[in-house]
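Trainee: Once you've had a glance at the structure underneath, I'll fire off some questions.
Bear in mind these aren't lab numbers, they're just calculated from the coordinates by the rules spelled out. The structure displayed is predicted, hence computed values, not measured ones. As a convention, Cβ positions derive from the backbone with ideal geometry for all residues, glycine included, and neighbour counts pool all protein chains shown.
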Amino acid sequence: RPPRTPPPTRVLPKRYRTPVVKPEPTEAEELYEVEAMLNHKNHRGERQFLVKWRGYPESEATWEPEGKLLGSCSELIDKYLKETTRPQFSFARDSVVEKIKGMKTRKGDLFFEETWVGSDGESSHVSNSEMYKHAPQQTLQYYEEYLRGLVPKGE
């Protein structure tokens, strides 16, 4: 009689797998030093950073969850975010919108990208409610122009 073969191994989809908990590195294991943050993204509700490791080329950069980096890299993360994040502007007294350049949604909220008189063309983002409160005419005019672009001519 031939030997009995075990049944094929079934691999569960990722959502059903138990996460593997990695132990903290010991002194015998090599520690890597972060040189810079190159990019960031949100992955399944968690912010991740593309990390350039000291002594390694950019081609070997890896995506790391923010929680894994916070302790030792807080200053690098803050510096990176300060350099790359566009400022969100709140209407100051006597602020005048020069031009609305576009609109975006972030986490379900609508934001306008605009330039301000005296801002030298630098843009910022303002919430939909702030725009309606402080620049209702320009907001309505932008919506009308946006809708005209969606409707084919002659209809």
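Trainee: Quick one: which of K99/K133; K52/K104; K107/K133 span more than 24 angstrom between C-alpha atoms?
Mentor: K52/K104
Trainee: Report the extension gain between T84 and E66 in nm, rounded to one decimal, defined as 0.36 nm multiplied by the number of residues separating them, less their alpha carbon distance.
Mentor: Gain on extension, T84 to E66, equals 4.9 nm.
Trainee: E98's amide H: which non-local residues (gap 5+, or another chain) put their own amide H closer than 5 Å, with H modeled 1.01 Å from N in plane and none for Pro or chain starts?
Mentor: HN-HN under 5 Å from E98: T115, W116, V117.
Trainee: Can you tell me the Rg and Dmax of segment 30-84, counting just the alpha carbons, in angstroms?
Mentor: For segment 30-84, the Cα radius of gyration and maximum Cα-Cα distance read 10.7, 31 Å.
Trainee: What's the exposure ranking of S124, S72, going from fewest to most Cβ atoms within 10 Å?
Mentor: If I rank by nearby Cβ atoms, fewest first, I get S72, S124.
Trainee: Something else now. For segment 97-150, just the Cα atoms, rotate onto the principal axes and tell me the three extents in Å, largest first.
Mentor: Answer, in whole Å and largest first: 30, 26, 19 Å.
Trainee: Of the trypsin sites (Lys or Arg not before Pro) in segment 56-85, which ones lie in a loop per DSSP and count no more than 16 other C-beta atoms within 10 Å?
Mentor: Qualifying residues, ordered by number: none.
Trainee: Would you mind working out the magnitude of the charge dipole of segment 30-84 relative to its Cα centre, with +1 at each Lys and Arg C-beta and -1 at each Asp and Glu C-beta, to the nearest 20 Debye?
Mentor: Dipole of segment 30-84, to the nearest 20 debye: 240 debye.
Trainee: Next question. Let me check against my output: what whole-number percent is the relative contact order of segment 30-84, with C-alpha pairs under 8 Å and at least 6 apart? Show your work: numbers first, answer last.
Mentor: Working: 66 pairs, mean separation 15.6, N = 55.
Dividing the mean separation by the residue count of segment 30-84 yields 28 percent.
Trainee: Output ³J(HN,Hα) for segment 95-107: one whole-Hz value per residue in order, computed from phi by the Karplus curve 6.51 cos²θ - 1.76 cosθ + 1.60 with θ = phi - 60°, and x for Gly and Pro.
Mentor: 6, 10, 6, 7, 7, 8, 8, x, 9, 9, 10, 10, 6
Trainee: In whole Hz, what ³J(HN,Hα) sequence does segment 52-67 give by Karplus (6.51, -1.76, 1.60; θ = phi - 60°), x for Gly and Pro?
Mentor: So the Karplus estimates, Gly and Pro as x, are 8, 8, 4, x, 10, x, 4, 5, 9, 5, 10, 7, 10, x, 4, x Hz.
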